[in-house]
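Below: one structure, written as structure tokens.
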Amino acid sequence: MDVGNGSRFAEASTFNGAGLKLVAANLFGRADALDHLVDAHRREAFDIMVLAELPVPADDALLARFPDMNHITGTPRQALFGRPSAIILARSAPRGAEILQVDRNAYAITKAEYCFENQPSCLGIFAIHPPPPISPTHYERQKAILEAVARELEGEEGAVLVAGDFNAVSWSPLMTVFQAQGGVRKVVCGGRWSPTWLTPVPGVGLELDHIFIKGRVEPRACDVGPFLGSDHWPIISTLVIGN
């Protein structure tokens, strides 16, 4: 993990204690990508998954693939291929959760708070998958979702993260404004600009998948994960929450 100085990027953690392992992945609606994610989970033992473009719409069918991930937050049928929504899988149920509507998208933001047994405090999570800016209308929808998340972040006082396929590179004007308004730091996965879409080769692919953090949560590690069969590569991070 290449961690840079400055407020835009998260510093490597100085916190002690157990970490939480998070994966954020866009599965591109592919069953083989889900299969490979199941294999990755067996190796990595994720605590939290933020997923978009699922191949499986049913809660029970998804949980059956990850028997130790006991709870889904969000609406899987609205997080299928091409739909601008994301879900959270976790080892425990959230203390609180809500789905936030943005304009006409009733499932734009999945918001939850988790209190894990091995952590000193709770963790707020925002899971998002804004539409790609393929037209002025889509750009405005993407912008509206990021603005809504930034407004929500203004009222957050504890440890919190935002994760998912943002369909935007972190150095774009839209994302720069989001970081400033939300007061979040980017978790560097691999290198600062390591691509996650089309190819992990710098200068060819684009870094569209992100984890941003705020408050007393820090990254111990973060890397671009293995090829799953999707057009996106997952990002995998170990995060530590402070007292």
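Worth pointing out:
- One residue stands out among those in the range 26-49 that are outside any helix (DSSP H, G or I) and open to solvent by less than 10 Å² (accessible area, probe 1.4 Å): the one that is farthest from D165 (Cα to Cα), which is F46.
Conditions (1) farther than 30 Å from G17 by Cα; (2) open to solvent by 60 Å² or more (accessible area, probe 1.4 Å); (3) part of a loop (DSSP other than H, G, I, E, B); (4) touching a Cys at 6+ places or on another chain (Cβ under 7 Å), marked per residue:
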residue	(1), (2), (3), (4)
L51	no, no, no, no
P84	yes, no, yes, no
E98	no, yes, no, no
P133	yes, yes, yes, no
I145	yes, no, no, no
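- Contacts under 7 angstrom Cβ, first residue in the range 5-17 being open to solvent by less than 80 Å² (accessible area, probe 1.4 Å), partner at pLDDT 85 or above and of a type in the set (G, A, S), 6 or more apart: F15/G242
- Hits in the range 187-204 (condition: open to solvent by less than 40 Å² (accessible area, probe 1.4 Å) and touching a residue at least 24 places away in the same chain (Cβ under 8 Å)): V187, V188, C189, G190, G191, S194, P195, T196
- Near pairs, Cβ below 6 angstrom, 6+ apart or cross-chain, from the range 111-138 (under 15 Å from P84 (Cα atoms) and at pLDDT 95 or above) to any residue that is open to solvent by 20 Å² or more (accessible area, probe 1.4 Å) and part of a strand (DSSP E or B): K111/E98; K111/L100; F126/K111
The values are calculated or read from the model by the stated rules, or taken from the named source; none is laboratory data. Please read these numbers as outputs of a predicted model, since none were measured by experiment. Cβ: placed from backbone, ideal geometry, glycine included. Neighbour counts: every protein chain shown. Only protein heavy atoms, including side chains, enter the accessible area calculation; ligands, DNA and RNA are left aside. Shrake-Rupley method; radii C 1.70, N 1.55, O 1.52, S 1.80 Å.
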